[in-house]
Amino acid sequence: MNRKTGLLPVLLFLWVSVSYAGGKADFSLVVSGTPSEPAVLACRVPEFSFHIPYMAGNLRLGVLTPDAAGWGSELKNVQVEQHREGQLIYTIQDSSVLGKGTLIIRVAALSDTRGIILKIEGMDLPDAASLFWAFGGCLGKVLEDKKEGSLKPEYCTYNIFSIEGGTFTAYYGESMALKVFRGITPMESDIRLSDAHAQKNIREFYDSGKITDAPALAATIPLVSGEKIYLCFQGPGRKADYTYFMLPELFKKEYK
């Protein structure tokens, strides 16, 4: 092995770029924690599972326009880069949904609690485009196989949600020892209680209603070219009592 070849593994560790076009979720990227004890796992498409260490929920992202829609796993061209520990960049292009536009999602692990903060911005986006996010599946038990951290209806049975503006709190676990998980999103988020059985199609999921044995949240946020959106999903922490107005500075702190 020559000297130049010997440096290759180091360079690959510092900068990993993967192209992905549709398919099953694969929680293979560690955002927080360690490979043996992950706190937040990500897919090669924008989907995340939270482990505290018990399963505390799943976050799925997608894109919605008046004429088309798709989960991250359905979009045609998704690239993910992991060039620093605890940080990801997703670059999404799909002419059938975004036209000539590009959506960029930057993700960073939180240092004061288990969770992530995201900054989302787009260029040349079509009119009336929306970011779609879904959250649920707070099982409250440790998953033996963390790659099973999808938003499964059977994980949602005893989840209870409190929604206030663009912020929500999920309550789950045993009644005498309830656990909590929070989400902080823009006030423009239109958050609905939905049926986790209805995830095959984004529009059906969004309109599925709240009468279900598998409650989950579904929401849209308007996307405007050049404007930034911040999202924060987190477990409890004494130093992590965030509001939406704190998220831009929090992102600057966490995303080096």
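Expressed as a whole percent, the accessible surface of the chain that belongs to carbon and sulfur atoms is 54, based on a 1.4 Å probe.
Note on the stretch 115-256: Cα-Cα pairs beyond 21 Å make up 47% of the total pair count. Could you work out how far the C-alpha centroid of the stretch 52-118 sits from that of the stretch 189-206, in angstrom? Rounded to whole Å, the Cα centres lie 18 Å apart.
Can you give the calculated 222 nm mean residue ellipticity of the chain, where each DSSP H run of n ≥ 4 adds -39,500 (n - 2.57) and the sum is split over every residue, rounded to the nearest 500 deg cm²/dmol?
On the way: 5 runs with 28 residues, N = 256.
Mean residue ellipticity at 222 nm (helix-derived): -2500 deg cm²/dmol.
In the context of the full set of protein chains, residues of the stretch 48-189 present 41 Å² of accessible surface per residue (probe radius 1.4 Å, heavy atoms only). Note on the stretch 81-194: Lys pairs 8 or more places apart or on different chains, Cα atoms under 27 Å apart, count 10.
Cα-based values for the chain, radius of gyration first and Dmax second, are 17.7, 64 Å. Relative contact order, whole percent, for the chain stands at 18, derived from Cα pairs under 8 Å and 6 or more residues apart.
Average 1/r across all pairs of distinct alpha carbons in the stretch 23-76, invert it, and you get the Kirkwood radius: 11.9 Å.
The values are calculated or read from the model by the stated rules, or taken from the named source; none is laboratory data. Note that the coordinates shown come from a computational prediction; the quantities given were computed from them, not determined experimentally. Each accessible area value is taken on the protein alone, full model and side chains, heavy atoms only, with ligands, DNA and RNA left out. Shrake-Rupley method; radii C 1.70, N 1.55, O 1.52, S 1.80 Å.
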